[in-house]
Each structure stands twice: as structure tokens, then as C-alpha cells.
1. Check whether at least one residue in the stretch 195-210 is surrounded by 15 or more Cβ atoms within 10 Å (Cβ to Cβ), more than 25 Å from Asp50 (Cα to Cα) and out of contact with any helix residue (DSSP H, G or I) (no Cβ under 7 Å at 6 or more places or on another chain), and report yes or no.
2. Can you name every residue in the stretch 123-140 that is assigned to a loop (DSSP other than H, G, I, E, B) and surrounded by fewer than 17 Cβ atoms within 10 Å (Cβ to Cβ)?
3. In this structure, does Glu159 turn out to be assigned by TED's automatic domain parsing to the domain that holds Tyr129, assigned to a helix (DSSP H, G or I) and either farther than 11 Å from Ala211 by Cβ or not small (Gly, Ala, Ser) (or both)?
4. Kindly establish whether Glu171 is closer than 22 Å to Glu99 by Cα and charged (D, E, K, R).
5. May I ask you to list the residues in the stretch 218-230 that are touching a strand residue (DSSP E or B) at 6+ places or on another chain (Cβ under 7 Å) and either hydroxyl-bearing (Ser, Thr, Tyr) or outside any helix (DSSP H, G or I) (or both)?
6. For Thr59, which of the numbered conditions (1) modelled with pLDDT under 55; (2) outside any helix (DSSP H, G or I); (3) of a type in the set (Val, Ile, Thr) fails to hold?
7. Kindly establish whether Tyr49 is touching a residue at least 60 places away in the same chain (Cβ under 8 Å) and outside the structural domain of Tyr169 (by TED's automatic domain parsing).
Amino acid sequence: MKRFIRIFLITTSIIGISFIVFGYTLFNGLPWKKHTVASELEAYVEEKYDIEVKVKEKTYNFKDGNYGIIASLQNQPNITFRAEKLSSRKDVIFDYYPEAIWVEEINSELAPILNENYPKDFIFIDAVYGSGQEMNMKKQIVSYKVVPHPFFVHINVDEPISEEHINNYYEIVKFLQVRKISNIELSMGFSTEEMKDSSQKPTFTTIRIEAHNINSIQKKEDVYNFIETY
């Protein structure tokens, strides 16, 4: 009887540990494969772009089974990007280094006027990911200004959009026009959820001017045509 109980406990423990390991690897991937793919991706991007990177995080997407990394440049640690190896297509690697370079370029160029007009507000700059792969970017990364896909600059304000906000927004539009920047979509938004004392149903007010409409703005009043509330 004691032997049976011992065998039962050992078997139960093995099954329990197996379930734990299975659950961990299901959502976090195989540790050894994470390490192997991370090393492969690090070498890949360094060779492709002639750069030196530091792997900040090894990733696994349990939804599609892709292993990847989040890396930063050794000499510019503020520039981070993702790279991943697709599980569904053997030996196919996607990386988003060009997009990170373009976003940093936009941030550097627009930072003075954005900070001047919206010093306390949250500003988000983003790209269409996959553009670099589509354009076959390698060691020479072109300027964001010649990328055929739009970039997105969004300003999130913490108070209802006022005439002052409109004035500041128009200044940025003019900045883009003067510099002939034709591939940036500019938006600004405010949600009543930001108002702690608001008892009304939350609404979201936005100003969104797509890249191809930037040059159509001839005066401040034109901006009002792009205000929408949801």
C-alpha cells in the first residue's frame, strides 16, 4: 500500500510539474529558443544595418508563436526597436529599425515647435510599421520625408480644446507647410474622462488632419472643419 501511495504521489507530482511547464512555455515560449533566436536577431540587425545593439528584452508572442527582441543602439540607447522571427514563415525576419530612426528624426525636427506650443501635454509619434521592410532599407536609411507612407503625430491635451489650442495647432500646420513635409498626419485629442469632476457621459473630441490635407489649410479657421466629437 505504501509503495502504491508513493508511486501515486510521484506520478501526480510529475503530471503537475508537466502542466506547469506546459503552461509556462505556452505563454512565455521555450527559454533556450528565446536565447537562440535573440542571438540570431542581434547578429542579423547588426549585419544588415552595420550597427551595434544591446538586447534589452527577449520576447515571445504566444498568439502567433513568434520569438523576438527589443533592442537599442549602443551609442544611442534612446532609440529602441523590435525584431522578430516569424514562426509561420521559415527563416523570415521582420525588424523595425528604420521606423525607429524615422520617428527619432521627426521627433528631433518637430520637438522645438511641439514643446513650445504644448509643453505639458503628451505627444506621441508613430509610423506605419513594415515600411522599412517594404522599401528594402539596409545600411543607408533614407529620410522620413521620402517614405511613401504617413507618420502620425498625436497631441493628447488634458483640458477641453480651446481657441488657444487651435492657434497652437495651426502653428504646427504652418511649420509642416513651410518645410514641405507632406507625409505627417497631425491630430490632437481630448477626452472628458480626463476631467475628474465630470459626471457626464465620456466624449472624445479630436482634430485630425491627414497628411494629404495639410496643405489645404490656408488659415486658422480652416482647422475648425476637422474637429469631431464622439
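1. Let us first name the residues in the stretch 195-210 that are surrounded by 15 or more Cβ atoms within 10 Å (Cβ to Cβ), namely 205-209.
Checking the rest, the ones that are also more than 25 Å from Asp50 (Cα to Cα) come to 205-209.
Restricting the remaining residues to those that are out of contact with any helix residue (DSSP H, G or I) (no Cβ under 7 Å at 6 or more places or on another chain) gives 205-206.
The answer is yes, given that some residue of the stretch 195-210 is surrounded by 15 or more Cβ atoms within 10 Å (Cβ to Cβ), more than 25 Å from Asp50 (Cα to Cα) and out of contact with any helix residue (DSSP H, G or I) (no Cβ under 7 Å at 6 or more places or on another chain).
2. Val128, Tyr129, Gly130, Met135, Asn136, Lys138, Lys139, Gln140
3. Values: assigned by TED's automatic domain parsing to the domain that holds Tyr129: yes; assigned to a helix (DSSP H, G or I): no; either farther than 11 Å from Ala211 by Cβ or not small (Gly, Ala, Ser) (or both): yes.
For Glu159, the condition - assigned by TED's automatic domain parsing to the domain that holds Tyr129, assigned to a helix (DSSP H, G or I) and either farther than 11 Å from Ala211 by Cβ or not small (Gly, Ala, Ser) (or both) - is not met.
4. Spelling it out, it is not the case that Glu171 is closer than 22 Å to Glu99 by Cα and charged (D, E, K, R).
5. Ile227, Glu228, Thr229, Tyr230
6. All conditions are met except number (1).
7. On the way: touching a residue at least 60 places away in the same chain (Cβ under 8 Å): yes; outside the structural domain of Tyr169 (by TED's automatic domain parsing): yes.
Spelling it out, Tyr49 is indeed touching a residue at least 60 places away in the same chain (Cβ under 8 Å) and outside the structural domain of Tyr169 (by TED's automatic domain parsing).
Yes/no per residue for (1) crowded, with 19+ Cβ neighbours inside 10 Å; (2) closer than 17 Å to Gln133 by Cα:
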position	(1), (2)
Thr36	no, no
Leu41	yes, yes
Tyr44	no, yes
Asp50	no, yes
Glu57	no, no
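The values are calculated or read from the model by the stated rules, or taken from the named source; none is laboratory data. Predicted model, so just to flag it, every value in this text is computed and none were measured. Reconstructed Cβ throughout: ideal geometry from the backbone, glycine too, with neighbour counts over all protein chains shown.
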